[in-house]
Amino acid sequence: MVMSTLLKFLYPPPPSLFITTMSVISFVSLANSGFSEIKGKHMQYSKFFGTIKNENNEKEKKARIESKKGMLLLYGPAFLGGVSSFAIFPNGDLRFALVCSALTIHFFKRVLEVLFVHKYSGSMDVEATIVISCSYFLSTMSMIYCQHLTQGLPEPSIDLKYFGYIIFLVGIIGNFYHHILLSKLRTKGEKEYKIPQGGLFDFAICPHYLFEILIFVGISCTSQTLYAISFTLGTTLYLMGRSIATRRWYKSKFDDFPKDIRALIPYIF
């Protein structure tokens, strides 16, 4: 009964051990990262990383890369993977093209933000940067390959691809807008953090994460594959954990941090 209901919304899981394994790994690793954020163990490109003494000592021992170059290394391969997918799989249907274009646009936006929007200071751990970059690239190509495996199969009886792409575009625009607001917090040469204001920042400290979740919800609805769903669920749990850690960090740094500002969803969470 449950499976028949799911198959109205999803393609049947492909007979691919690789995709099945990646579905489990993506969900578990992202969910675990979210719980780690809540517990205070942060990603090594996070502004929270290094706030604990032993992390500072670890930072001094490892090879470092300038933050801007590191962030380009994070997102560049996944963007190139999205672009190359049109040449690797030239005979994809409309849904395949929508999924590939959404992933490509998402990482292209991130590259543009690194180059022209975000302001960076400090450096990143080279080893962690390479690991995260490979993770982004592998998850992107896995989603594209999974979509390729659906070619020729009967489509789900409930078609969500157009609805999903609209949700994706809402997420992209909302995420970009709030990144612009974040970039305006500090003028050139400033390094101190400030409480974000404007847009949904007046109601939640991480609306850019909320819109990033919408990006992947939109891609999942466009894709309608089990891998996309598992990746989106994992991403949601990770960003929920990160938003909790972010709110806790701002409360510890600013005595005037408004108590009614939520972590991720205005008025709710």
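The values are calculated or read from the model by the stated rules, or taken from the named source; none is laboratory data. Keep in mind it's a predicted model, so treat the numbers as computed, not measured. Keep in mind that these areas ignore ligands, DNA and RNA; they rest on the heavy atoms of the full protein, side chains included. Shrake-Rupley method; radii C 1.70, N 1.55, O 1.52, S 1.80 Å.
Normalised by residue number, the volume inside the convex hull of the Cα atoms of the chain is 139 Å³ per residue. Indicate the gyration tensor shape class of the stretch 109-206 (rounded, prolate or oblate), computed on the Cα atoms with a ≥ b ≥ c the square roots of the eigenvalues: a/c under 1.5 is rounded; otherwise a/b larger than b/c is prolate and the rest oblate. Oblate, since a/c reaches 1.5 and b/c is not below a/b.
What do you reckon, how do 8, 194, 161, 69 stack up by accessible area (1.4 Å probe), largest on top? Before the final figure, lay out each step's value.
Numbers: 8 100, 194 70, 161 20, 69 125 Å².
The ranking, largest first, comes out as 69, 8, 194, 161.
Over the Cα atoms of the stretch 80-126, each weighted equally, I'd like the Debye log10 I(q)/I(0) at q = 0.13, 0.21, 0.32 Å⁻¹, rounded to two decimals. Log-scaled intensity ratios, in q order: -0.43, -0.74, -1.12. Per residue, the solvent-accessible area of the chain (1.4 Å probe, heavy atoms of protein chains only, all protein chains present) comes to 52 Å². With 26 Å as the limit, the listed pairs 109/188; 69/253; 41/259; 39/184; 39/259; 41/62 have 69/253; 39/184 beyond it between alpha carbons.
Name the helices (complete DSSP H segments) of the chain with a Cα length along the long axis of 15 Å or more and a Kyte-Doolittle mean of at least 1.0, or state none. Within the chain the helices that satisfy the rule are 17-39, 94-116, 126-149, 161-183, 207-223.
Give me the percent of the accessible area of the chain that comes from carbon and sulfur atoms, probe 1.4 Å, all protein chains in place.
Details: 9330 of 13870 Å².
Carbon and sulfur atoms account for 67 percent of the accessible area of the chain.
Ordered from highest to lowest accessible area with the whole protein assembly present and a 1.4 Å probe, 127, 192 read as 127, 192. Of interest is the spacing of the C-alpha centroids, which for the stretch 80-140 and the stretch 7-39 amounts to 19 Å.
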